[in-house]
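The values are calculated or read from the model by the stated rules, or taken from the named source; none is laboratory data. Owing to the predicted nature of the structure, the values given are computational and were not obtained by experimental measurement. Neighbour counts are summed over all protein chains in view; Cβ atoms, including those assigned to glycine, are modelled from backbone coordinates with ideal geometry.
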Amino acid sequence: MESGLPIVEYFHSIQGEGAHVGTSAFFIRLASCKVGCPWCDTKESWSPTSYPLETVEKLSLQVLKAASQGAAFVVLTGGEPLHHNLNPLCNAIRKITSIQNSQVMPIHIETSGVDKITGQPNWITLSPKRHAPPRTEVLGRCHELKVVVHEKDDLIFAEEMAKQAIHLKENLFRSAIKSTKPLEKPLLFVQPGWGHTKAQDLALEYVKRNPQWRLSMQTHKWLGVL
Ligand code: SF4
């Protein structure tokens with residue numbers, strides 16, 4: 001078991017992308033990623049040994065402080081957060097926020113989906129990669145599918161991922177005994193690679209022709225905030 005988690009940074013800001021854009025959130029960026037996307041904008045997070053290990057107690061206290069200052073949820077991001085077992089951290093966050101507040105802090109995870117899910121997140125943002133496709137389990141459980149677009153083949157990949165995710169959710173729904181909840185399909189986003197004009201045009205034209213997809217822009221970068 002890990003004695004702590006390698007942490008690049010943590011900060012209170014707004015969620016800049018996807019379904020919860022514009023909402024107050026506390027981010028914990030975990031180090032380590034073996035996925036190796038050439039266009040990655042957090043390459044500094046790839047090495048797990050370049051950062052100090054932080055205890056789950058310290059991290060959960062930071063979450064509690066952010067919650068008292070208005071953060072609506074915590075986002076575990078990276079790097080690839082699911083390279084780590086997130087059970088101890090998520091348990092500690094839930095425990096401390098349930099003791100101190102009336103409401104347990106929701107936990108969101110941003111993942112490429114290459115590892116199994118730990119931590120029982122309340123929200124899974126899956127950002128799958130063409131060169132390292134996600135595990136079926138993550139595709140079937142994601143709440144939000146966000147595909148980064150640089151070229152046309154990324155849109156074909158996005159459609160294939162959406163088809164598989166919806167199919168898996170429908171199968172799970174059918175097999176659930178007396179499910180009282182309606183079928184929840186994942187929200188679909190295409191997000192142009194940052195600073196890539198051709199990608200922006202591609203994504204914009206795509207969502208204009210495919211209204212089931214939404215455009216996700218990295219608003220925090222436009223604003224110049226973390
Ligand atoms: S999965 Fe995310 S952190 Fe890892 S290389 Fe790709 S973009 Fe970077």
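Here are some notes:
- The number of residues in segment 172-186 being without any contact (Cβ under 8 Å) to a residue 24 or more places away in the chain, in a loop (DSSP other than H, G, I, E, B) and surrounded by 12 or more Cβ atoms within 10 Å (Cβ to Cβ) comes to 2.
- Selection count where residues are more than 12 Å from the ligand (Cβ to nearest atom) and not in a helix (DSSP H, G or I), scope segment 73-102: 9
- Beta carbons closer than 9 Å, at least 6 apart along the sequence or on distinct chains, pair a first residue in segment 30-48 that is of a type in the set (Asp, Glu) with a second that is more than 8 Å from the ligand (Cβ to nearest atom) for Asp41/Gly193; Asp41/Trp194; Asp41/Gln218; Asp41/Lys221; Glu44/Val8; Glu44/Ala31; Glu44/Ser50.
- Within segment 128-163, the residues that satisfy the criterion of being out of contact with any Pro (no Cβ under 8 Å at 6 or more places or on another chain), of a type in the set (Gly, Ala, Ser) and without any contact (Cβ under 8 Å) to a residue 60 or more places away in the chain are Gly140, Ala158.
- The listed residue being surrounded by fewer than 15 Cβ atoms within 10 Å (Cβ to Cβ) and modelled with pLDDT of 95 or more, out of Leu53, Leu59, Leu86: Leu53
- Residues within segment 9-50 that are within 14 Å of the ligand (Cβ to nearest atom), part of a loop (DSSP other than H, G, I, E, B) and surrounded by 14 or more Cβ atoms within 10 Å (Cβ to Cβ), tallied: 10
- Boolean, Ser3 is polar (S, T, N, Q) and either under 17 Å from Ile109 (Cβ atoms) or within 16 Å of the ligand (Cβ to nearest atom) (or both): no
- Any chance Gln164 is farther than 18 Å from Thr125 by Cβ, part of a helix (DSSP H, G or I) and polar (S, T, N, Q): no
- Residues that are among the hydrophobic types (A, V, I, L, M, F, W, C) and loosely packed, with under 11 Cβ neighbours inside 10 Å, drawn from segment 200-226: Trp222
- Any chance Phe189 is assigned to a strand (DSSP E or B) and crowded, with 16+ Cβ neighbours inside 10 Å: yes
- Scanning segment 146-171 for residues that are surrounded by 13 or more Cβ atoms within 10 Å (Cβ to Cβ) and modelled with pLDDT under 95 turns up Leu168, Lys169, Glu170.
- Any hit, segment 119-132, residues being farther than 21 Å from Leu187 by Cα and of a type in the set (Val, Ile, Thr): no
- Unmet criterion (only one of (1) in contact with an Asp or Glu (Cβ under 6 Å, 6 or more places away or on another chain); (2) assigned to a helix (DSSP H, G or I); (3) not aromatic (Phe, Trp, Tyr)) for Thr125: (2)
- Residue in segment 203-221 that is closer than 18 Å to Cys40 by Cβ, among the basic types (Lys, Arg) and not in a loop (DSSP other than H, G, I, E, B) present: yes
- Selection of segment 103-136 for residues being near the ligand (Cβ under 9 Å from one of its atoms), surrounded by fewer than 18 Cβ atoms within 10 Å (Cβ to Cβ) and hydroxyl-bearing (Ser, Thr, Tyr) yields an empty set.
- Inside segment 199-226, residues that are of a type in the set (Phe, Trp, Tyr) and under 14 Å from Asp154 (Cβ atoms) make up a count of 2.
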